[in-house]
Each structure stands twice: as C-alpha cells, then as structure tokens.
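This report refers to the structure that appears directly beneath it.
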Number of protein chains: 2
Amino acid sequence: MVKVVAKNFAKEDKLSEIIQLYKELVELTRKEEGCIKYELYQDKDDATILTMIEEWESKKALDEHLESEHFTRIVPTLNKLMSRQTDMNLYNKLI
Amino acid sequence: MVKVVAKNFAKEDKLSEIIQLYKELVELTRKEEGCIKYELYQDKDDATILTMIEEWESKKALDEHLESEHFTRIVPTLNKLMSRQTDMNLYNKLI
C-alpha cells in the first residue's frame, strides 16, 4: 500500500474553478484500478489549502494514475491556478 | 468529522527513540473516545519525515485528545527530538 498526501496552495480568486476541476479529477480517479482512497480536504482555517489524501494498492497503480489521461490533462491546468508548488509525499505505514 | 495531518521532521539520530515514543502514543490514543484513525506514516524517500494522519469524530474529541495525559506527556518530549516545527493542519472533507 502507498499513502499519498499532496498539499496544494490555491490562488484565492481561483478557488471555485479549482474545485470544479478537482471534482472531475476525483470522479475519474476513483474508477481507476488500484485506487483505494482519493479524497480532497480543505483546511478549516485557510480555504486556499486543499490537500489530497490518497491510498493506492501499489506503487504501480499510483504510477499508472500519474500517466492517466485525466491526470495528465487536469493537473497541469490545476497547477497554473495555484499560488505555489504542491507539497507532496509518498508514505509507507509505520504504526 | 475532523481530519488531521501532522508532518514531523525527526532528527536522524533520534529516529528509533522517536518511533518508540510514537508507539506508546498511538496505542493509548486509539483507545480514546471519538478516535476513528490515528496512524503514523514514514516518507518512502526520507525516513526522517514522519506524518500522523488522524480522523476524529468531532473537534471536541480532538480537543480532549490534545489535553489527554499521554498527549501532554509524550508530545513535548517528541518535539525536542525533531529538527524543526511540525507542519499541522485540520481539515474538513471537501470531495
């Protein structure tokens, strides 16, 4: 299993556009083989912090996701609407 | 529901000591009322990045956790073994 946390920093005036794009991305990604969880969270105190918390059956499934049509189409568009680079980590469960 | 992501940056030579402390913290926290998930993850490429991903039934349950005997005893000790401040966010589920 691979856990992914991707913390994104949205431009405030682009928030509704970003959330629409995420809705499409989430819907299509949840249909992928090997996707256990793919959920978008919003910081309680700062609406511009949008964090994807993901769970994949394997690194292979995650790699296939990163090469999918919807990821390679939607994520570069999303990145242009962010105020700075995504803080992303891949994790193994320790405890 | 409240989701918490707490990203911690361990001093490399304190890793085994830190993990021992986390084991106790995780075991005691999972017994708390309102704790849905309390899991520690380690970055695949950087063993010093230790991230707690939590799920609480309510903000009240989280607040009680932050005041618990085990949290107020173990976390200040843990903080002294870190190389810099924890990056912590509280989230609502958006999608």
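Listing for the model above:
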item	result
Ranked list, fewest to most other Cβ atoms within 10 Å of each Cβ, for B:ASP43, B:ASP63	B:ASP63, B:ASP43
Residue order, fewest to most surrounding Cβ atoms within 10 angstrom, among B:GLU64, A:GLU27, A:GLU69, B:GLU55	A:GLU69, A:GLU27, B:GLU64, B:GLU55
Exposure proxy order (Cβ contacts within 10 Å, fewest to most) of A:HIS65, B:HIS70	B:HIS70, A:HIS65
Shape of the protein assembly as shown, Cα gyration tensor, a/c cut at 1.5	prolate
Within 10 Å of each Cβ in B:31-39, the average number of Cβ atoms from other chains	1
Spacing of the two label points (7 Å from each Cα toward its C-beta) at B:ILE19 and A:THR77, in nm	4.3
Förster radius 45 Å - calculated FRET efficiency between B:ASP46 and B:GLU67, Cβ distance, rounded to 0.05	0.90
Chain A: relative contact order as a whole-number percent, Cα under 8 Å and 6+ apart	47
Charged-residue dipole, Cβ positions (Lys, Arg, Asp, Glu), chain B about Cα centre, Debye nearest 20	160
Computed magnitude of the charge dipole of the protein assembly as shown (debye, nearest 20; Cβ of K, R +1, Cβ of D, E -1)	200
Residue list for the range B:1-29, given a label point 7 angstrom along the Cα-to-Cβ vector of A:ASP87 and an amide N cut-off under 14 Å	B:5-10
Backbone N under 16 Å from the A:LYS59 label point (7 Å along Cα→Cβ), restricted to the range B:35-61	B:42-47
Using alpha-carbon coordinates, inclination of helix B:69-80 to the longest axis of chain B, degrees	40
Angle in degrees between helix B:15-29 and the longest Cα principal axis of chain B, rounded to the nearest 10	20
Calculated label separations, A:ARG73, copies of the chain, 7 Å along the beta-carbon direction, nm	5.6
17 Å cut-off, amide nitrogen to a point 7 angstrom out along B:GLU39 Cα→Cβ, residues in the range A:36-69	A:36-41, A:52-62
Computed [θ] at 222 nm, deg cm²/dmol, the protein assembly as shown (DSSP H ≥ 4; -39,500 (n - 2.57); rounded to nearest 500)	-11500 deg cm²/dmol
Distant alpha-carbon pairs in chain B (separation over 15 angstrom), percent	60
Exam field: B:GLU57 pseudo-label spacings to other copies (7 Å along Cα-Cβ), nanometres	3.3
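All of the numbers you see were taken from the coordinates with simple rules; none came from a lab. As the structure is a computational prediction, the values presented were derived from the model and not from experiment. Every residue, glycine as well, gets a Cβ built from its backbone with ideal geometry; the counts of neighbours run over all protein chains shown.
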